[in-house]
2 protein chains.
Amino acid sequence: MISFSKIEYLSPRMTHFSNDIVQCYDRIKSYIHRTPVLQSRLVNERAGCSIFFKCENMQRMGAFKMRGAANAILSLSEDERKRGVVTHSSGNFAQAVALSALVLGIDATIVMPSNAPAVKKAAVADYGAQIIECEPTIEAREAATQKVVDAHGKKALHPSNAIEVITGNATAAYELLADYPDLDIVISPVGGGGLLAGTAMAGASFSDTCQVIGAEPMQADDAYQSLKAGHIIKYDKVDTIADGLRTYLGDVNFPIIQSHVQEIIRVEESEIIDAMKFVWERMKIIIEASSAVPVAAIFKKPEIFTGKKVGLIISGGNVDLGALPFTVS
Amino acid sequence: MISFSKIEYLSPRMTHFSNDIVQCYDRIKSYIHRTPVLQSRLVNERAGCSIFFKCENMQRMGAFKMRGAANAILSLSEDERKRGVVTHSSGNFAQAVALSALVLGIDATIVMPSNAPAVKKAAVADYGAQIIECEPTIEAREAATQKVVDAHGKKALHPSNAIEVITGNATAAYELLADYPDLDIVISPVGGGGLLAGTAMAGASFSDTCQVIGAEPMQADDAYQSLKAGHIIKYDKVDTIADGLRTYLGDVNFPIIQSHVQEIIRVEESEIIDAMKFVWERMKIIIEASSAVPVAAIFKKPEIFTGKKVGLIISGGNVDLGALPFTVS
């Protein structure tokens, strides 16, 4: 359990947040894509509501993580930029940091577990980052990262629990609400909490009425349990097909989620796979299992969504096409 | 070889075509989706030009065929509507006719070869159409269709060689040119010729400068050979992964293509698969092999496309997800 305190600027009108998000957006906008918003009659028919899919699967490197990584790196001091950055990740944040660093001409080191898929290592290497392999445990990853910090003075970037990253993530919902200001609800998946907290910041800042809801696998429901308990719950081991959501909340994003997220909906693995297949087949877009979690949540809870205008953050589309969790019936 | 004559209204300024397309669009627009136009920096970097993807894979039933089928059925006389329609198809046109007929409340019969995939038969049956099975030869299909016409007076619909279908197809490029009037080139795949002819009609009608180019598998290059010979060439047997492009031109669409298509580019099977994989992985959209053919053509011929604004009709996205022609490297 991590101690935390409400961060200072959670005022009712959120003016501080909205300034931060607007400034962040100006900072990163030339380094990111303004992703399209898609709709689907078939999905709406099944869901009983109007869903506006914010397609961060079409973001640079294939996930919203580019927003937070770009903002974190653009927020470095001149001295920090010279010394470079380090992060540990086997997933999208590694690629986001590597690409952002490449674009901005700074040095990046990525600590990756030895069992990370070759395709992900190759993507990071393609972006010119240095890879350090370590044992596939969280302790080994953190130790290897700290070693790089100590030896080379590099700045360690956390994938979800740093305010620069969270504010960068908030720009996805900010763009969505700029396009569709009258959304009743915005829903995003929750794993490490960085996307949901950013989405909640944007919802609270740029709409008086829009609710923000999180969606989480039942088998990794630490965020749901954390909100219920009033403190961060961590599981030793979680197993879900939504591999982006196997992490836990942090002391920076948790208070934002506590203050500005109405509810977290939990879904079963079979519901995630069903929703993922439905989106692939009916919308013809490639989404990660993690992105199917909020779709499954909407299908599961018509009492919350029926008749509403719902924004949904499709978090990413980096999928191993050779290992799909479904086949065509 | 089929005889043909230039159809009368191929005048230099195309006013007749443009009226037809506008009227058609008004007729069908409430039955189709206005599909999104997507762009991709990574694809543009590889291609050396700016490509505007008209995503007919996101059209109703997953392909542009909905446009032509809807227009053909909406153009029936009252008497014809009462008696219903019949077509033979194992692919997207079957689904398009079945769905259009369902939406418009008329009776549809689809002749399908006995070896058609179960998933395609199920889709047609789901739309409420009657299925008649026949031997998997073109002669058996035509005979079975004629039998339905003779016995029940149903109107036979051709998937690509009827002016109503071609005009319906033209509305895809019409929408694209409405969004992006300054395109230098529009490119589409060519199989039966219905999409390319429609695209050429729209290009000639709504732009003074836009060229229209077709793209075709080398292994099914009957359209290329037909243009070269000045008459329609048919192959007895073609084999290409682009299953939507295994058919040949007809006497209605060929003269339109002759007059208004600048060039047909041919690509190898490996180039099609490479382009398909590139679009899936980089753009995160699901496209059929047939839709990868124009992408491969652009990659292959930088001397034609470099620096240009290119519209590209993504013809469809109905793919057997269990049988992809590529794996992730």
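Observations, loosely collected:
- Of the helices (runs of 4 or more DSSP H) lying entirely inside region B:30-97, those carrying at least 1 residues that are not assigned by TED's automatic domain parsing to the domain that holds B:Glu281 are B:65-74, B:78-83.
- Conditions (1) in contact with a strand residue (DSSP E or B) (Cβ under 6 Å, 6 or more places away or on another chain); (2) at pLDDT below 95; (3) closer than 30 Å to B:Gln23 by Cα; (4) surrounded by 24 or more Cβ atoms within 10 Å (Cβ to Cβ): number failed by B:Ser89: (1)
- The residues in region B:41-65 that are in contact (Cβ under 8 Å) with a residue 60 or more places away in the chain, of a type outside the set (A, V, I, L, M, F, W, C) and more than 8 Å from chain A (Cβ to nearest Cβ) can be counted, and the count is 7.
- Any chance A:Ala323 is more than 19 Å from A:Asp184 (Cβ to Cβ), outside the structural domain of A:Ile232 (by TED's automatic domain parsing) and either of a type in the set (A, V, I, L, M) or crowded, with 24+ Cβ neighbours inside 10 Å (or both): yes
- Residues that are within 18 Å of B:Ala69 (Cβ to Cβ), part of a helix (DSSP H, G or I) and touching a strand residue (DSSP E or B) at 6+ places or on another chain (Cβ under 9 Å), drawn from region B:170-200: B:Ala172, B:Ala173, B:Glu175, B:Leu195, B:Leu196, B:Gly198, B:Thr199
- Residue in region A:229-243 that is among the small types (Gly, Ala, Ser) and closer than 24 Å to A:Leu157 by Cβ present: yes
- The criterion of at least 1 residues that are within 26 Å of B:Ala178 (Cβ to Cβ) is met, among helices (runs of 4 or more DSSP H) falling completely within region B:220-329, by B:253-260, B:269-283, B:289-300, B:302-305.
- Restricting the first member to region A:128-141 and to residues that are in the same structural domain as A:Arg246 (by TED's automatic domain parsing), and the second to residues that are in a loop (DSSP other than H, G, I, E, B) and of a type in the set (Lys, Arg), no beta-carbon pair is closer than 8 Å while six or more apart or on different chains.
- Residue satisfying all of: in region B:262-305; of a type in the set (Phe, Trp, Tyr) and more than 14 Å from chain A (Cβ to nearest Cβ); nearest to B:Ala63 (Cα to Cα) among these: B:Phe299
- Matching residues, region B:280-294, being in contact (Cβ under 8 Å) with a residue 60 or more places away in the chain, over 23 Å from B:Tyr224 (Cα atoms) and buried (at least 24 other Cβ atoms within 10 Å of the Cβ): B:Met283, B:Ile285, B:Ile286, B:Ile287
- Screening B:Asn115 on (1) closer than 22 Å to B:Ile138 by Cα; (2) away from every other protein chain (no Cβ under 14 Å); (3) in contact (Cβ under 8 Å) with a residue 40 or more places away in the chain; (4) in contact with a Pro (Cβ under 9 Å, 6 or more places away or on another chain) shows it passes everything except condition (3).
Quick grid of which residues meet (1) of a type outside the set (Lys, Arg); (2) modelled with pLDDT of 95 or more; (3) surrounded by 24 or more Cβ atoms within 10 Å (Cβ to Cβ):
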position	(1), (2), (3)
B:Glu164	yes, yes, no
B:Asn169	yes, yes, yes
B:Tyr180	yes, yes, no
B:Gly198	yes, yes, yes
B:Phe206	yes, no, no
B:Glu216	yes, yes, yes
B:Ala229	yes, yes, no
B:Ala242	yes, no, yes
B:Gly250	yes, yes, no
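- Residue in region B:233-241 that is over 23 Å from B:Ala162 (Cα atoms), of a type outside the set (Phe, Trp, Tyr), within 14 Å of chain A (Cβ to nearest Cβ) and free of Cβ contacts under 8 Å to residues at least 40 places away in the same chain present: no
- From the options A:Asp251, A:Asp320, residue that is among the acidic types (Asp, Glu), under 25 Å from A:Phe17 (Cβ atoms) and touching a residue at least 40 places away in the same chain (Cβ under 8 Å): A:Asp251
- Scan of region A:263-299 for residues that are among the aromatic types (Phe, Trp, Tyr) and either within 23 Å of B:Val37 (Cα to Cα) or not assigned by TED's automatic domain parsing to the domain that holds A:Tyr224 (or both), ordered by number: A:Phe278, A:Trp280
- If you go through region B:306-329 and keep only what is more than 10 Å from chain A (Cβ to nearest Cβ), at pLDDT 95 or above and under 22 Å from the mean Cα position of the chain (by Cα), you end up with B:Lys309, B:Val310, B:Gly311, B:Leu312, B:Ile313, B:Ser315.
- Residue satisfying all of: in region A:102-116; assigned to a loop (DSSP other than H, G, I, E, B) and modelled with pLDDT under 90; farthest from A:Glu80 (Cα to Cα) among these: A:Asn115
- Taken residue by residue, region B:254-272 has at least one member that is hydrophobic (A, V, I, L, M, F, W, C), surrounded by 23 or more Cβ atoms within 10 Å (Cβ to Cβ) and either over 25 Å from B:Val165 (Cα atoms) or more than 18 Å from the chain's Cα centre (by Cα) (or both).
- Selected residue (criterion: surrounded by the fewest Cβ atoms within 10 Å (Cβ to Cβ)) from residues of region B:127-143 that are within 12 Å of B:Asn115 (Cβ to Cβ) and among the hydrophobic types (A, V, I, L, M, F, W, C): B:Ala140
The values are calculated or read from the model by the stated rules, or taken from the named source; none is laboratory data. Small disclaimer: the values here were computed from a predicted structure and weren't measured. Here the Cβ is made from the backbone with ideal geometry for all residues, glycine too, and neighbour counts use every protein chain on show.
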